[in-house]
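What follows is a single structure, written as structure tokens, with notes after it.
Read the figures in this text as sums done on the coordinates, not as results from a lab. Here the structure is a predicted model, which is why all the values come from computation and not from measurement. In this analysis, Cβ positions are derived from the backbone assuming ideal geometry, glycine residues included, and neighbour counts consider all displayed protein chains.
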Amino acid sequence: MSNPLDRQAAALFWIGDSGAAILMAAALAGAVASMEQGAGQGHLALAAGGLIAAALLRAGMQIGATNAGEAAAMRVKTNWRQRVYPGILVAAPGDRRMLGEAVADAVDRIEDLGGFHARFLPLRRAAVLSPLIIAIAAVFGSWVAGVIMLATLIPFAMGMALAGTAAARAAARQLDALSRLSGLFVDRVRALPVIVAFAAQDRIGRHLADATREVAARTIDVLKVAFVSSAIIEFFAALSVALVALYCGFNLLGILPFPAPEKLTLGQALFVLVLAPEFYLPMRRLAAAYHDKQVGEAAVERLEALAPASPPAPKPAIEGPPALRFDGVVIDYGETAIGPFTLDIPAGTSLALRGSTGVGKSSLLHALLGLAPIGGGRILVDGRDAAEVALPGHVGWAGQTVAFVPGTLADNIRLARPDADDAAVEAVAHLAGLGPMIEARGQGLALPLDHRGSGLSGGERRRVGIARVLLKDAPLWLLDEPTADLDAGSAADIAGILASAAKGRTVLIVTHSAELAAIATKEMVLS
């Protein structure tokens, strides 16, 4: 997922920052010792130069750590986008998740990984080694001070472990609530005209208010845990510094309440006392980034639900008109199940499905494309399970609703085959019966359309869908009420066009029209 070298480089920079802190403490202690001993100006200038050099080195180390961490986070987020984005463009059969929730996870949760990889992971490695390095350095000034530092580390680690368990649960609950709120908001915005039409603004407002209050409560829970974690680290950091300061001060004054195990000089005492806060600094940084860890791990769990752990193996594509078999297929929508359906469509033939509304004709087409949940039975394409065959991109589809994009008429027809030239687009437009409309508007294929197809009649929209099917020139056609909204003469024209163009293809037609069903090789009435 990410480049380990980036994380290692960031961790090494943070460890290098602790090394520079040791040099700074040594330079400061050396300057004070030189003044105490009445050394010349040269020694004092040398110590001051060392102090400045150590400060600049620390600044460089921190900048390098930040840059390396951000580079690692950027690579991780890019990899996740490549895995997740294709998955949310195609809804899984029976998926009950709100589209807004999935989009929020794909966008916001990926961004939540930034702090985890840029800060927490490098700091976690540095927090293991840096305190040990500082404690070892402190031993050269005072071995008792080094022992004090290490002794206060044990209860600190236990406290952070307990706080971390609570933080993980709180962060997961917060992300769940935040994703639900995002999904609810996006989906309600999409349905705003319907909400206004049914005067449901107050009820939807209450739903959003309840979801917002839940997010606020979950956020407060996370902040409570964060405050506890900060209190733990600050307590033990203050305790460590206070114990070291008391020991060094009493040692220098010679008033320790027990026999002195060592005799400290002013330079040694100052060296140890400067290192005492630095001992806990890596862990304080880690504690500050601990929320990034909980958010990042919770985000990964949600992202893994959107994307497989490894890219799926490529599926074989259909190369010619396929043979289709629906073997006891039951389509299960949860509260409603329809079927079983059993039917065979030999390669290169057409089948017309007729029946009353709601019997499941369109659902069979959706199930073939993986857009409806199959609760039983199986669908075979050339003897292979339909889920194992790459049907998208090899199917000509004309549904009950024709989708449009802002652009020209040519752009909307060309959706079926983006590489088609203008001549091919114009040919299928006229073949689908759009010629009179194009001539009447006077703008040709450059006729502008919005995302609703405004300005086109219901029949003209159907003809755009037929033009797309003709342009696609796919070996498998799925036609769902292709002549609905057309008058009898236009429906007969479209039926003739389809009868001629469908030869040599496998075609499944859903229709209530006896005239359109008559062009099929076989007809089946579902009940």
Checklist line | Calculated from backbone phi, Karplus (6.51, -1.76, 1.60) coupling profile of the range 58-66 in Hz, x at Gly/Pro | finding: 4, 4, x, 4, 5, 5, x, 5, 5
Notebook entry, point to check: Quick one: 230, 142, 34, 130, fewest Cβ neighbours within 10 Å first, how do they rank?
Noted result: 230, 34, 142, 130
Next item on the list: At 7 Å along the Cα-to-beta-carbon direction for both residue 421 and residue 337, put a label point, then send me their distance in nm to one decimal.
Entry: 5.4 nm
Check: What do the square roots of 5 times the Cα gyration tensor eigenvalues come to for the range 245-378, in whole Å, largest first, as semi-axes of the equivalent ellipsoid?
Finding: 80, 17, 10
Next item on the list: Could you pull the Cα extents of the chain along its three principal axes, largest to smallest, in whole Å?
Entry: 111, 50, 47
Margin query: If a paramagnetic tag sat 7 Å from the Cα of residue 523 along the Cα-Cβ line, which residues of the range 471-502 would have the backbone N under 18 Å from that point?
Written below: 479-484, 488-489, 491-500
Next item on the list: Taking the Cβ of each residue in 273, 150, 286 as the centre, tally the other Cβ atoms inside 10 Å and list the residues starting with the fewest.
Entry: 150, 273, 286
Checklist line | Antiparallel DSSP beta bridges within the chain, percent to nearest 5 | finding: 45 percent
Next item on the list: Mind giving me the FRET efficiency for residue 347 and residue 371? R0 is 25 Å, r the Cβ-Cβ distance, nearest 0.05 is fine.
Entry: 0.65
Item checked: Compactness of the range 324-526 as Cα Rg over 2.2 N^0.38 Å, two decimals -> 1.03
Next item on the list: Take 404, 326 and order them by how many other Cβ atoms sit within 10 Å, fewest up front.
Entry: 404, 326
Next item on the list: At q = 0.16 Å⁻¹, work out log10 I(q)/I(0) for the range 467-507 with the Debye formula, treating every Cα as an identical point scatterer and leaving solvent out; two decimals please.
Entry: -0.40
Margin query: Testing the spin-label approximation: label points 7 Å from Cα along Cα→Cβ at residue 301 and residue 195. State their distance in nm.
Written below: 2.9 nm
Notebook entry, point to check: In Å, the Kirkwood hydrodynamic radius of the range 374-493 over pairs of distinct alpha carbons?
Noted result: 15.3 Å
Next item on the list: Mind checking the full-extension length gain between residue 206 and residue 223? Use 0.36 nm per residue of separation minus the Cα-Cα distance, one decimal, nm.
Entry: 3.6 nm
